[in-house]
1. Relative to the Cα centre, what is the charge dipole magnitude of the chain, using +1 at the beta carbon of each Lys and Arg, -1 at the beta carbon of each Asp and Glu, and rounding to the nearest 20 debye?
2. For the range 49-101, count the residues as N, evaluate 2.2 N^0.38 Å, and divide the Cα radius of gyration by that value, please.
3. Ignoring ligands, DNA and RNA, what percent of the 1.4 Å accessible area of the chain is carbon and sulfur?
4. Consider all pairwise Cα distances in the chain and report the whole-number % of them above 21 Å.
5. Placing +1 at every Lys and Arg Cβ and -1 at every Asp and Glu Cβ, with all other atoms neutral, what dipole size does the range 46-90 have around its Cα centre, in debye to the nearest 20?
6. Using label points projected 7 Å from each Cα along Cα→Cβ, tell me how many nm separate V103 and Y30, to one decimal.
7. Could you pull out every one of the lysines with an alpha carbon less than 29 Å from that of K74, ignoring same-chain neighbours closer than 8 positions?
8. Counting only heavy atoms of the protein chains, get the accessible area per residue of the range 24-125 (1.4 Å probe) and round it to a whole Å² value.
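The values are calculated or read from the model by the stated rules, or taken from the named source; none is laboratory data. None of the values given here were measured: they were computed from a predicted structure. Neighbour counts run over all protein chains shown; Cβ positions are idealised from the backbone, glycine included. Remember, those area values only see protein heavy atoms, side chains included, never the ligands or the DNA or RNA. Shrake-Rupley method; radii C 1.70, N 1.55, O 1.52, S 1.80 Å.
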Amino acid sequence: QVQPVESGGGSVQAGGSLRLSCKVSELTTYCMAWFRQAPGKEREGVAVFWPSYGSTIYSDSVKGRFTISLDNAKNTLYLQMDTLKPEDTAMYYCASSNSRLAVEGNFGRCNYKYWGQGTQVTVSS
């Protein structure tokens, strides 16, 4: 099974924190990312991580508040979310790639082949 599996979503008050987890196949860890989609909005990239290079990219809306990381031993990708805002409310998805193929137009130019089912994050004011 190579489909990522997310967990850790829930409801929290504005200003609070949550940590999302994504169990990924060790075969699909070249490029990993978190996306989110709110009702009526397009899906947007939140953060991307390349373990081979230790490189990360964050969207401007979450930079300084969210942190993406990988536990190599557990093959688990995390998204630490601090100082949450109501605007962060969305379904969060984990995506991964097993290829270094660059796809222009994609977030981080990664060839996201595997997607999780999503985990809901709700931030109340």
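1. With Lys and Arg at +1 and Asp and Glu at -1, about 120 debye.
2. Here the Cα radius of gyration is 1.26 times the empirical estimate.
3. 46
4. 32
5. 80
6. Distance between the two pseudo-spin positions: 1.2 nm.
7. The qualifying lysines are K23, K63, K113.
8. Averaged over the residues of the range 24-125, the accessible area is 52 Å².
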